[in-house]
Structure formats: structure tokens, C-alpha cells
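S.K.: If you scroll down you'll find the structure; I have some questions about it.
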Amino acid sequence: MTTKPETIFGRDIMKNINAHWTRIENRHGGGVPDLYGIKGGVSIWLELKCIKKNSISISPLQISWNYKHFQENGKNYYIVKDTWSKVLKLYSGDKGREIKEQGFKCPCSLELVPPTDYQALSIFLFS
């Protein structure tokens, strides 16, 4: 059985960022993000996406969940990895519609080029 790119991506985040992580295995929809993390009293949700071209596949339920959570001052993000260039882009939870329409070209909150600076990512996420 082949491991999905998002699963590998999630494992890399959990291995390289010191926090308490929970991987959400949601097979029934609802739009709940893939990873929940908490560190120093700050909790976040991450929707993981891996792409090979510009297009980013996001369901209407994912857009809705993330937007509503963000509107209630929750910390949630779409984190997208280009599997070819290894560039990571982080988008705030209210940007689902924009990244679905514009793809990887959509302006992001944080962009990390290889080698990935997980310390910078951790500081951004949990501060």
C-alpha cells in the first residue's frame, strides 16, 4: 500500500516541530483539518495539501469549516507543499476560496523554500 503524500507531509511536520500533535483521520467529510497541534497553550489546526502543479484541491466543506473557525478567532491554516520544488506555503484559514481559485500562485502568509526551516514555521504557527 502506497502512503499518501499528505500523510508523509504530516509526519514530517510532527517530527520536526516540537508540539503535541493529533492526526485526524476523517473519512466521513465535514471539512475538519488533518492535524491538530498545541504548544505553550496555543492550539492550531492544519489542512495539509500536496500538489504537483498550480491547482490546489479543496472541498466546499473544508473551505466552510476553516472559514468559520477562522472567523471565531481560531488559529487554522492551509499548508501546501509543492512535491516537485519542495516549497511550502502557509495560508490563513479564511483563504480557502482564493487558493482554490488561484492555486499555488495565491499570495500566502509564509513561504519556505528548501531546506525547510521548521523552527521558523513553528514560531509562526505557535506565536
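The values are calculated or read from the model by the stated rules, or taken from the named source; none is laboratory data. The structure displayed is predicted, hence computed values, not measured ones. Quick reminder, even Gly has a Cβ in these numbers, built from the backbone with ideal geometry, and neighbours come from all protein chains shown. Protein only, heavy atoms only, side chains kept; ligands, DNA and RNA dropped before computing areas. Shrake-Rupley method; radii C 1.70, N 1.55, O 1.52, S 1.80 Å.
S.K.: Over region 17-84, what is the percentage of antiparallel beta bridges among all DSSP beta bridges, to the nearest 5?
M.R.: On the way: 9 of 16 bridges.
Among the beta bridges of region 17-84, antiparallel pairing accounts for roughly 55 percent.
S.K.: Same structure, new question: Suppose the Debye formula is applied to equal point scatterers at every Cα of region 1-109; what is log10 I(q)/I(0) at q = 0.16 Å⁻¹?
M.R.: -0.70
S.K.: Just the accessible area per residue of region 36-89, please: how many Å² with a 1.4 Å probe? Walk me through the intermediate numbers first.
M.R.: Details: 2860 Å² over 54 residues.
Per-residue accessible area for region 36-89 comes out at 53 Å².
S.K.: To continue, here is another question. How much solvent-accessible surface does TRP65 expose, in Å² to the nearest 10, with a 1.4 Å probe and all protein chains in place?
M.R.: Number for this one is 60 Å².
S.K.: While we're on this one: May I ask you to give the percent of accessible area on region 3-89 that is carbon plus sulfur, with a probe radius of 1.4 Å?
M.R.: Working: 2560 of 4930 Å².
Here carbon and sulfur together make up 52 percent of the probe-accessible area.
S.K.: Let me ask something else. Please give the calculated 222 nm ellipticity per residue for the chain, where each DSSP H segment of at least 4 residues contributes -39500 (n - 2.57) and the sum is spread over every residue; nearest 500 deg cm²/dmol?
M.R.: One gets -9000 deg cm²/dmol as the mean residue ellipticity at 222 nm.
S.K.: Restricting attention to region 69-127, which chymotrypsin sites (Phe, Trp or Tyr not before Pro) occupy a DSSP loop and are surrounded by at most 15 other Cβ atoms within 10 Å?
M.R.: Working: sites: PHE70, TYR77, TYR78, TRP84, TYR91, PHE104, TYR118, PHE124, PHE126; in loops: TRP84.
Here the sparse-neighbourhood loop sites are TRP84.
S.K.: Can you tell me which of ASP94, ASP117, ASP82 moves the most in a GNM of the chain? Springs connect C-alpha atoms under 10 Å apart.
M.R.: Among ASP94, ASP117, ASP82, the largest GNM mean-square fluctuation belongs to ASP117.
S.K.: Looking only at GLY41, GLY29, GLY103, which one moves most when the chain is put into a Gaussian network model with springs between Cα atoms under 10 Å?
M.R.: Among GLY41, GLY29, GLY103, the largest mean-square fluctuation in the Gaussian network model of the chain belongs to GLY41.
S.K.: Tell me the Kirkwood hydrodynamic radius of region 53-104 in angstroms, computed as one over the mean inverse distance between distinct C-alpha pairs. Numbers along the way, then the final one.
M.R.: Values: mean 1/r = 0.0888 Å⁻¹.
Kirkwood radius, region 53-104: 11.3 Å.
S.K.: Now, a different point. Give the range of the longest stretch in the chain that excludes all GluC sites (Glu not before Pro) found in loop regions by DSSP and having at most 16 other beta-carbon atoms within 10 Å.
M.R.: Working: sites that count: GLU25, GLU72.
Result, exposed sites excluded: 73-127.
S.K.: Given 0.36 nm per residue, what is the gain on full extension from TYR67 to HIS20 after removing their alpha carbon distance, in nm? Please report the intermediate quantities before stating the final value.
M.R.: Details: separation 47, 0.36 × 47 = 16.92 nm, distance 2.37 nm.
Taking TYR67 through HIS20 to full extension adds about 14.5 nm, to one decimal.
S.K.: Please report the net charge: other residues with Cβ closer than 12 Å to the Cβ of TRP84, K and R +1, D and E -1.
M.R.: Values: positive: LYS52, LYS53, LYS81, LYS86; negative: ASP82.
Summing Lys and Arg as +1 and Asp and Glu as -1 gives +3.
S.K.: Which of ASN73, ASN16, ASN54 moves most in a GNM of the chain, Cα contacts under 10 Å?
M.R.: In this elastic network of the chain, the residue with the biggest mean-square fluctuation among ASN73, ASN16, ASN54 is ASN73.
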